[in-house]
1. Give me a count of the residues in segment 290-310 that are within 16 Å of the ligand (Cβ to nearest atom) and surrounded by fewer than 14 Cβ atoms within 10 Å (Cβ to Cβ).
2. Select from segment 331-355 the residues that are within 11 Å of the ligand (Cβ to nearest atom) and free of Cβ contacts under 8 Å to residues at least 60 places away in the same chain and write down the one among them that is surrounded by the most Cβ atoms within 10 Å (Cβ to Cβ).
3. Would you mind stating whether residue 199 is buried (at least 22 other Cβ atoms within 10 Å of the Cβ), away from the ligand (no atom under 16 Å from the Cβ) and modelled with pLDDT of 85 or more?
4. Has segment 133-149 got at least one residue that is at pLDDT 85 or above, buried (at least 18 other Cβ atoms within 10 Å of the Cβ) and either closer than 17 Å to residue 292 by Cβ or within 28 Å of the chain's Cα centre (by Cα) (or both)?
5. Please work out if residue 212 is within 13 Å of the ligand (Cβ to nearest atom) and either in contact with a helix residue (DSSP H, G or I) (Cβ under 8 Å, 6 or more places away or on another chain) or not assigned by TED's automatic domain parsing to the domain that holds residue 357 (or both).
6. Of the residues that make up segment 280-290, is at least one at pLDDT below 70 and farther than 14 Å from residue 233 by Cα?
7. Please go through segment 136-181 and give me each residue that is over 23 Å from residue 313 (Cα atoms), within 16 Å of the ligand (Cβ to nearest atom) and in a helix (DSSP H, G or I), ordered by number.
8. Find the residue count for segment 182-196, including only residues that are near the ligand (Cβ under 8 Å from one of its atoms) and either in contact with a helix residue (DSSP H, G or I) (Cβ under 9 Å, 6 or more places away or on another chain) or in a loop (DSSP other than H, G, I, E, B) (or both).
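The values are calculated or read from the model by the stated rules, or taken from the named source; none is laboratory data. The structure displayed is predicted, hence computed values, not measured ones. Glycine gets a Cβ as well: all are built from the backbone with ideal geometry, and neighbour counts include every protein chain shown.
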Ligand code: ATP
């Protein structure tokens with residue numbers, strides 16, 4: 001009874017809703033609704049972001065879990081599929097993923113194979129070994145014959161051998177003569193062998209591909225043969241090209257009985273080089289110029305006809321040669337009128353072209369450090385002294401009476 005009368009009393013005392021109160025309440029509720037709507041939109045966009053991220057992470061996990069593919073090379077296509085050689089050398093007949101553009105599948109194409117079925121899954125781009133990529137590749141070397149001092153006979157012999165076979169291909173065909181494939185340059189270090197090879201490439205508009213054979217032998221034991229093959233493949237792609245192999249003796253030394261396993265690997269590199277020399281068509285636009293300081297060490301197989309057809313000796317320059325090398329390297333250098341290049345040529349007996357260049361560079365540095373505008377006689381004297389000391393140090397000094 002009591003509680004009934006209490007509730008009646010509270011209803012009587014509750015404030016009566018007024019219009020303004022109701023309007024205020026509506027305003028507040030609609031603001032809250034607006035706020036909730038905004039929150040909802042924000043949350044929805046957050047959900048979308050999170051879903052995207054989750055799907056990216058799922059992809060990543062799938063990639064990480066995917067089994068590795070095997071790399072192989074296509075050998076042939078048959079009605080039943082493809083004949084591929086996997087990287088370990090085994091040959092398989094396998095199916096081809098129908099998504100692959102079959103017209104791109106030619107013999108030699110590098111492909112990715114499924115690990116279980118060995119199906120061809122993807123076509124891969126050709127790979128060039130990092131060494132091939134980092135070997136010196138110059139589209140057009142800047143060295144020209146005018147930059148070479150002396151060596152007139154050697155230049156004309158190389159032009160006859162290499163340049164003619166690039167420029168007069170039809171004549172060789174008419175005469176039924178195979179043009180020479182390569183030239184071997186022999187001679188002491190720093191006498192301009194690399195320069196000559198670059199100058200030939202320059203005058204024939206050929207790409208210059210230079211590599212140092214000792215690097216093939218040292219860094220890539222077991223890999224040398226493959227690298228030689230890849231370098232020649234690259235040269236064929238970039239033809240006309242000149243492959244310059246410096247320090248040929250490092251891979252081309254005489255084969256000895258009872259060689260160590262390291263020697264056998266080097267011999268495998270040599271065999272690959274010989275097969276490249278024998279393999280490519282004589283008229284193909286790839287010529288080889290090799291250089292060595294130790295021709296007596298070379299395997300006679302390299303010197304058979306059809307391989308290095310000509311051997312051109314590049315000796316240390318004589319006095320006339322030294323004078324013309326001095327002229328080449330001082331062509332754009334301001335010299336004091338007292339300097340007599342002929343006298344310097346006489347005093348530099350036994351110097352290689354590289355040493356004569358070093359002599360001019362040293363003299364120039366001395367002039368600059370003394371604030372002179374021209375190289376003076378004393379700069380040359382100091383430079384001669386320095387270079388001769390260096391030669392004595394490394395045991396190459398065979399000159400005497402350099403100074404008056
Ligand atoms: P290596 O056997 O050590 O590889 P190389 O015979 O190939 O030596 P280059 O690399 O051609 O010698 O020469 C080294 C440098 O010496 C050249 O860059 C050039 O400046 C200079 N030089 C050598 N010979 C001559 C030359 N006949 N005329 C002008 N410069 C020369």
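1. 3
2. If we filter segment 331-355 for residues that are within 11 Å of the ligand (Cβ to nearest atom), which is where we start, we get 331, 351-355.
Right, trim to free of Cβ contacts under 8 Å to residues at least 60 places away in the same chain and you get 331, 351.
Values: 331: 9, 351: 30.
In this case the residue turns out to be 351.
3. On the way: buried (at least 22 other Cβ atoms within 10 Å of the Cβ): yes; away from the ligand (no atom under 16 Å from the Cβ): no; modelled with pLDDT of 85 or more: yes.
Here the answer is no, as residue 199 does not meet what is asked.
4. The answer is yes, given that some residue of segment 133-149 is at pLDDT 85 or above, buried (at least 18 other Cβ atoms within 10 Å of the Cβ) and either closer than 17 Å to residue 292 by Cβ or within 28 Å of the chain's Cα centre (by Cα) (or both).
5. yes
6. yes
7. Within segment 136-181, no residue meets the criteria.
8. 9
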